[in-house]
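Step one of this worksheet: look at the structure below.
The values are calculated or read from the model by the stated rules, or taken from the named source; none is laboratory data. On a predicted model such as this, the values are computed, not experimentally measured, just so you know. FYI the Cβ positions are ideal-geometry reconstructions off the backbone, even for glycines, and counts take in every protein chain you see.
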Amino acid sequence: MKRGLFILLFGLAAGCARFHSQPIAPEKTAAELQSRSLTNAALRSFLEKNLQRAFPDWPAVKWDFGMLTLATFYYQPSLDVARADWAVAEGGTRTAAGRLNPTVSAGAGYDTQIPGNFSPWLPAVTFDVPVETAGKRQRRIEQAKHASDSARFNVATAAWQARSDLRAALIDFLSGRGRAALSRRQVDLQRQINGRLAKQLEAGAIAVAELTTARAALARANADDSDAQRRLVEARVRVAEVIGVPVAALDGISLDIDLSLVPPADELISADARSAALRSRADILGALADYAASQTALQLEIARQYPDVRLAPGYSWNQGNAGDSEWQLGLSIELPLLNQNQGPIAEAVAKRAASAARFVALQAKVIAEIDRSVAVYQASRENVTALQSLAAAQQAQYEAASAQFRAGAADQLQLLGAQIDYNNAALAELDAQTQLQQSLGALEDAVQRPLTIMNPSVFEPHPQAVKESKP
């Protein structure tokens with residue numbers, strides 16, 4: 001008997017999990033983050049698997065939006081956190097499926113009055129076997145599965161947010177690059193104007209006030225140029241931050257975002273797109289899973305009104321000459337006299353109502369996001385059209401001034417002034433294009449359906465706005 005008990009205990013111990021320490025070394029994790037790049041072989045395999053195409057020339061020099069999005073999914077720490085939370089929820093389903101363990105207790109009685117008994121001790125063993133009733137275990141499993149579904153949809157929400165952040169960062173970078181070129185050109189034009197006015201002042205052809213005004217305009221142009229260069233640097237760092245790599249990882253690569261100039265956003269404004277967003281956005285599905293979990297929690301609390309049963313079989317051995325053995329069979333059950341679990345039931349009812357209210361509030365928020373993004377997108381598109389017309393008019397004016405200059409009917413200052421006006425119009429059009437792309441991103445986020453982002457060429461200055469003026 002002792003040998004069997006020892007074997008049983010040894011088998012139980014062998015099946016137990018053991019603790020393995022996994023300390024975090026800050027210097028090691030920091031070094032790993034600093035060493036991330038867009039050139040490693042593991043990232044290449046990840047891209048090939050998900051894009052279903054090979055990359056024979058690696059490291060890649062040109063990166064499109066799809067490649068950068070997958071690199072973001074590969075590196076972004078927020079996705080690792082969401083995946084870890086999902087793994088925790090998945091572990092909860094295993095916990096919920098576990099059955100209650102029986103217990104065993106050993107003891108002894110003491111009786112000196114039994115005739116012929118050579119020992120007064122009466123060894124006894126008692127078991128306690130819990131039996132759950134009313135389907136409580138199944139309710140726990142269902143609740144845990146709903147919680148796991150919610151965590152899984154949170155991963156999808158985090159992935160979409162990462163893609164959205166990348167899109168916004170790339171728009172800022174492309175826009176900043178175009179603005180930096182136009183601002184640098186503005187400084188060059190103002191310097192040429194100042195140089196020519198200075199010569200005219202020396203010749204006594206103009207007053208000092210005219211040169212002073214030009215110098216103030218040059219100072220403003222320099223300030224704008226300095227701000228544009230700063231914003232470009234910040235935008236580049238932001239792109240690296242969103243991807244999850246150090247900014248040095250972007251060295252030596254170029255953006256090859258071959259996307260439509262005017263994405264088909266009209267289909268996202270349709271009633272079908274709105275309806276689909278209100279039913280199938282990842283956060284909507286996650287909220288539905290949370291509500292289902294709250295509903296199952298209520299079912300579990302209702303089931304807990306019905307008490308569980310505990311079976312308690314026992315055995316005792318009389319060590320007398322007769323060697324009598326005694327078997328007992330006990331049964332215990334909680335009597336729901338003072339507490340019928342009404343408090344937890346009421347709390348579960350309130351939590352379900354709160355979960356329903358959060359779902360309705362989320363749908364209302366989505367509706368507002370769609371309405372706002374549609375309105376802003378339409379207004380931005382109209383603004384781009386108006387500013388394109390203005391840029392075309394300024395271009396025509398510049399070309400006319402250039403023709404007059406070549407014919408000797410206009411001087412260099414007039415030509416430079418026409419260039420500055422056209423450069424300002426190009427800056428205004430660039431801002432409008434940026435706002436249009438940002439509104440497209442907001443519309444995309446509202447319905448959580450992918451669009452494309454604008455071809456980077458639209459963020460580049462017009463050739464006429466940056467070419468050198470020649471006397």
Unmet criterion (only one of (1) part of a helix (DSSP H, G or I); (2) surrounded by fewer than 19 Cβ atoms within 10 Å (Cβ to Cβ)) for residue 109: (1)
Matching residues in region 153-197 - criterion: being among the basic types (Lys, Arg) and within 32 Å of the chain's Cα centre (by Cα): 163, 167, 177, 179
Residue identified as touching a helix residue (DSSP H, G or I) at 6+ places or on another chain (Cβ under 6 Å), in contact (Cβ under 8 Å) with a residue 60 or more places away in the chain and within 30 Å of residue 80 (Cβ to Cβ) among 249, 158, 240: 158
Among (1) surrounded by fewer than 15 Cβ atoms within 10 Å (Cβ to Cβ); (2) modelled with pLDDT under 90, there is one condition residue 257 misses while meeting the rest; what is its number? (1)
Within region 28-47, can you find the residues that are surrounded by 14 or more Cβ atoms within 10 Å (Cβ to Cβ) and either of a type in the set (Gly, Ala, Ser) or more than 21 Å from the chain's Cα centre (by Cα) (or both)? 37, 40, 44
Kindly indicate whether any position in region 448-459 is basic (Lys, Arg) and at pLDDT 55 or above. yes
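State whether one or more residues within region 410-417 are of a type outside the set (Gly, Ala, Ser) and over 20 Å from residue 217 (Cβ atoms). Steps first, answer last, please.
Step one: of region 410-417, the residues of a type outside the set (Gly, Ala, Ser) are 411-416.
Next cut, over 20 Å from residue 217 (Cβ atoms) only: none.
Checked region 410-417: no residue is of a type outside the set (Gly, Ala, Ser) and over 20 Å from residue 217 (Cβ atoms).
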Could you list all residues from region 336-353 that are at pLDDT below 95 and either assigned to a loop (DSSP other than H, G, I, E, B) or acidic (Asp, Glu) (or both)? 336, 337, 338, 339, 340, 341
Please enumerate the residues belonging to region 205-219 that are in a loop (DSSP other than H, G, I, E, B) and farther than 17 Å from residue 411 by Cβ. 207
Suppose we keep only residues that are without any contact (Cβ under 8 Å) to a residue 60 or more places away in the chain and not acidic (Asp, Glu) within region 358-378. Which one would you say is surrounded by the most Cβ atoms within 10 Å (Cβ to Cβ)? 378
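Yes/no matrix, rows are residues, columns are (1) closer than 30 Å to residue 131 by Cα; (2) free of Cβ contacts under 8 Å to residues at least 12 places away in the same chain; (3) assigned to a helix (DSSP H, G or I); (4) among the charged types (D, E, K, R):
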| position | (1), (2), (3), (4) |
| --- | --- |
| 275 | no, yes, yes, no |
| 278 | no, no, yes, no |
| 283 | no, no, yes, yes |
| 289 | yes, no, yes, no |
| 297 | yes, no, yes, no |
| 300 | yes, no, yes, no |
| 305 | yes, no, no, no |
| 312 | yes, no, no, no |
Which residue is nearest to residue 307 (Cα to Cα), if the candidates are limited to region 333-357 and must be surrounded by 14 or more Cβ atoms within 10 Å (Cβ to Cβ) and either over 32 Å from the mean Cα position of the chain (by Cα) or of a type in the set (D, E, K, R) (or both)? 341
When every residue in region 400-425 that is charged (D, E, K, R) and free of Cβ contacts under 8 Å to residues at least 24 places away in the same chain is compared, the one surrounded by the most Cβ atoms within 10 Å (Cβ to Cβ) is 411
When region 46-76 is checked residue by residue, the ones that are of a type in the set (D, E, K, R) and either in a loop (DSSP other than H, G, I, E, B) or farther than 17 Å from residue 249 by Cα (or both) are 48, 49, 53, 57, 64
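Quick check: anything in region 426-437 assigned to a helix (DSSP H, G or I), surrounded by 19 or more Cβ atoms within 10 Å (Cβ to Cβ) and charged (D, E, K, R)?
First, the residues of region 426-437 that are assigned to a helix (DSSP H, G or I): 426-437.
Filter once more, keeping what is surrounded by 19 or more Cβ atoms within 10 Å (Cβ to Cβ): 426-427, 429-430, 432-437.
Then keep just the ones that are charged (D, E, K, R); that gives 429.
The answer is yes, given that some residue of region 426-437 is assigned to a helix (DSSP H, G or I), surrounded by 19 or more Cβ atoms within 10 Å (Cβ to Cβ) and charged (D, E, K, R).
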